[in-house]
């Protein structure tokens, strides 16, 4: 499988990119945290960050999901990560998969915003960056240190994790 060495990260908002607004006492969106995270992570592969939405995934509709899927389709990169809200990540992955792209697309997000203490955003992004380089063409969700096929996972809202059979490679 020949896949381009460049990586595209599409941002859609979600908990990953929320900020705490001390004045209003709520989580809001400003600019994406991704450029700062990538710089601190010392990523050495070429990365293009493409902001598409800044939206809580609970407010995403079919038009938004199609916009994300279409952005995946028109990008030249063969490796794409989508940062996305965890509540409807699976729904968006289904729309992307229907495009039958000849690419590796990995969706990831965070249960706790990057801007807050004990966030899982950096860990999940790091796992997604590794996963997108190693997986065969297809659509995946990478959360909590596990990689799932898009159509074999769901979010357990009570436990705050994704569940289902996850992809494992046997050690030879």
Which one of 30, 36, 24 is over 20 Å from residue 79 (Cα atoms) and modelled with pLDDT of 75 or more? 36
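Can you pull out every residue in the range 148-161 that is over 20 Å from residue 69 (Cα atoms) and within 15 Å of the chain's Cα centre (by Cα)? Give the steps one after another, and end with the answer.
Step one: filter the range 148-161 for residues over 20 Å from residue 69 (Cα atoms), giving 155-161.
Of everything in the range 148-161, those that are over 20 Å from residue 69 (Cα atoms) and within 15 Å of the chain's Cα centre (by Cα) turn out to be 155, 161.
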From the list 119, 57, which residue is closer than 18 Å to residue 34 by Cα and touching a helix residue (DSSP H, G or I) at 6+ places or on another chain (Cβ under 8 Å)? 57
Condition first: over 17 Å from residue 82 (Cα atoms) and in contact (Cβ under 8 Å) with a residue 12 or more places away in the chain. Can you find one or more residues in the range 121-141 that meet it? no
Of these, 104, 90, which one is touching a strand residue (DSSP E or B) at 6+ places or on another chain (Cβ under 9 Å) and under 20 Å from residue 6 (Cα atoms)? 104
Looking across the range 110-144 at residues that are at pLDDT 95 or above and assigned to a loop (DSSP other than H, G, I, E, B), the single one that is surrounded by the most Cβ atoms within 10 Å (Cβ to Cβ) is 135
Check 80, 96, 161 and return the single one that is surrounded by 23 or more Cβ atoms within 10 Å (Cβ to Cβ) and under 27 Å from residue 40 (Cβ atoms). 80
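The values are calculated or read from the model by the stated rules, or taken from the named source; none is laboratory data. Just so you know, these numbers come straight off a predicted model, no measurement behind them. Note: ideal-geometry Cβ built from the backbone for every residue, glycine included; neighbour counts use all protein chains shown.
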